[in-house]
Structures are given as structure tokens and as C-alpha cells.
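Engineer: Here it is, the structure in full.
Derivation of every value follows stated rules applied to the coordinates shown; laboratory data play no part. Treat the numbers as computed from the prediction; the structure is a model and nothing was measured. Heads up, the Cβs are rebuilt from the backbone with ideal geometry, glycines too, and the neighbour counts pull from every protein chain shown.
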């Protein structure tokens, strides 16, 4: 008959349960709970098009910091982009450049610096004295303060190691419904191996300026997003845009500065346009019928 043991609560409801049934019951509860969470996430309404705040509200706040990213959400950006790379001791930090010299009071390559050192830096004072004391944030800290109904464009600086780590972090934080990794093919492969359901934006730089190849490789990769660069002179992308739409790939574009540019890009089929002046241009997209997004935050 097998061993029997006493259980004091669900699953099952009885006082005596066989070990096998107890394990099955626990697994059922775990899987059922996971399905409820997924069902709840599927009800989150995500933007269909709009603006992507490049490194947050970087025109008014220090780029790639919590104040910049939170301001972009407050303003109503439909997508927020930030850059992730690994410190010397493998902590995922938010920083665009290979080194910290331009945006902080420190010096050196991020990959050569420990998290302890990076955390000692001031990432706000070079933007304005009012941001003095702003820290270099971690990926985990960013996810903790972001809305749950805004696209998170997580741009990876690196390959397999950061791809694997970022995918795992997104799954742990319950952000798989809204976050995607803009990354190299190598990073995407490692991320998919770690978390098969992770969303990918093909950011492979080796062929990204060759638009026809870029589109073909993105379709082949079965990525959910692409991030097009500015076209070459007289480059006709009509057929390529149609192909992306036929394959249900969301189209990001880097980048625009004026309202006229935005209008032309949306007409061509671009879904999300990366901008540095998100607050200013959100006023323009409102006039185009694209509603400024109302952020919704997780209940604590």
C-alpha cells in the first residue's frame, strides 16, 4: 500500500494521505496557482503603439536611472527602454556606455568594476545638481518600480551570460508579459534556453544596417520585436514592413525628434518610436489620436 503520513491542511482535506497523493496534490496547487497568475497577466492591456522613452526621460533626468525611468512612466510613455550589463562580479546594472566616465563621477569599464564600486558612484550630478546622489540602479531595482502595463525594452550589452541572467530575472519578477530583450542572437539563444517563453527583439548588430537581411533574420529567429534604424537615402521599406506585419512582429524604430517624423513613421507601420524627449513628444502623439498611457502598478 505504501507509507501513509498525516497532513494538516490542503491539498486533499483528509487527515491521512498516501505520499504519492500528497505530492500530486502539492504539484496541482503549484500549477493551478501559476495558471491563475498567468491568466491575470493575460488580462493586462498593453499598448499597441506609441513612444518608447529612450533611457527613460533622459532629456530632463539622468539617463538610465530610477528617476528617469519613473518619470517616463509618470508622463505616460507606452514603452520604456534601458540598458543592462554585468558588473565584474556579475550583478546586472543599468548603464549604456561600456564605461562609467560620461554619466557618473567615476571612471573605468563596467565589466572591470565591482558592484560595490558602481554603487558608490553618483549617477545624477552630471545632469543637474538637483539629482546629486542618484545611484546606478540594478535591473532588479528597475523592475520593482515599473508599471505592469508598459512595455519594457531591456537592451542587453553583452551576450550569453547577460541573456541568461536577464531572462531568469524577468521570470522571477513576473514580467514576462511585458518585457522583452533587445539583444544579439547569442544572447537571445541563451535567454531562450533559460526561459523558452521570453520575448525577443532582434538586436544583432552584425547585420542590422542591412535592412532586408535584418528583417529576414528577425523573421527566421521568430522574434516578437524588431528595432529598425534610420533608412539609407531613398531606401524603400514598404515590402519589408508588410512582411514584418504578416509575421506579427512589432516594429520599433530608432529614433525620432519631431512630430512630423512621428506622423510619417506611424503611417509607414512603425509601432513604437524611440525618443529622447518623451515628455514633449507625448503631447504631439495625443494630437495624432495615440492616448498617453496610464501606468498601472502591481499591488504590494
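Engineer: In degrees from 0 to 90, rounded to the nearest 10, what is the angle of the helix 160-172 Cα long axis to the longest principal axis of the chain?
Structural biologist: 60
Engineer: On to the next question. Using a 10 Å cut-off around each Cβ, can you sort 43, 88, 250 from fewest to most neighbouring Cβ atoms? Let's see the in-between values first.
Structural biologist: On the way: 43 7, 88 16, 250 21.
If I rank by nearby Cβ atoms, fewest first, I get 43, 88, 250.
Engineer: Restricting the count to DSSP beta bridges whose residues both fall in the chain, what percent are antiparallel, rounded to a multiple of 5?
Structural biologist: Numbers: 8 of 39 bridges.
Looking only at bridges with both residues in the chain, the antiparallel portion is about 20 percent.
Engineer: Same structure, new question: Sort out for me the Cα centre separation of segment 48-78 from segment 223-257, rounded to whole Å.
Structural biologist: 22
Engineer: Could I ask something else about it? In a Gaussian network model over the chain where Cα atoms closer than 10 Å are linked, find which of 248, 96, 155 has the largest mean-square fluctuation.
Structural biologist: Looking only at 248, 96, 155, the biggest GNM fluctuation is shown by 248.
Engineer: For every helix of n ≥ 4 consecutive DSSP H residues, a contribution of -39,500 (n - 2.57) applies; sum these over the chain, divide by its total residues, and give [θ] at 222 nm rounded to the nearest 500 deg cm²/dmol.
Structural biologist: On the way: 10 runs with 109 residues, N = 300.
Calculated from helices alone, the mean residue ellipticity at 222 nm is -11000 deg cm²/dmol.
Engineer: So, one more: Taking neighbour Cβ counts within 10 Å as the exposure measure, how do 288, 79 sort from fewest upward? Please list the in-between numbers first.
Structural biologist: Working: 288 13, 79 28.
Least to most surrounded, the residues fall as 288, 79.
Engineer: Working from Cα positions, state the angle (0 to 90°, nearest 10) between the long axis of helix 19-42 and the longest principal axis of the chain.
Structural biologist: That helix lies at roughly 30 degrees to the long axis.
Engineer: Taking the Cα atoms only, what angle lies between the long axis of helix 259-268 and the longest principal axis of the chain, rounded to 10 degrees?
Structural biologist: So the inclination is approximately 60 degrees.
Engineer: Follow-up. In which sequence would 172, 237 go, from the one with the fewest C-beta neighbours within 10 Å to the one with the most? Don't skip to the answer; put the middle values down first.
Structural biologist: On the way: 172 12, 237 19.
If I rank by nearby Cβ atoms, fewest first, I get 172, 237.
Engineer: Quick one: compute the contact order of the chain, relative version, from alpha carbon pairs under 8 angstrom and 6+ residues apart, as a percent.
Structural biologist: Details: 561 pairs, mean separation 52.4, N = 300.
17 percent.
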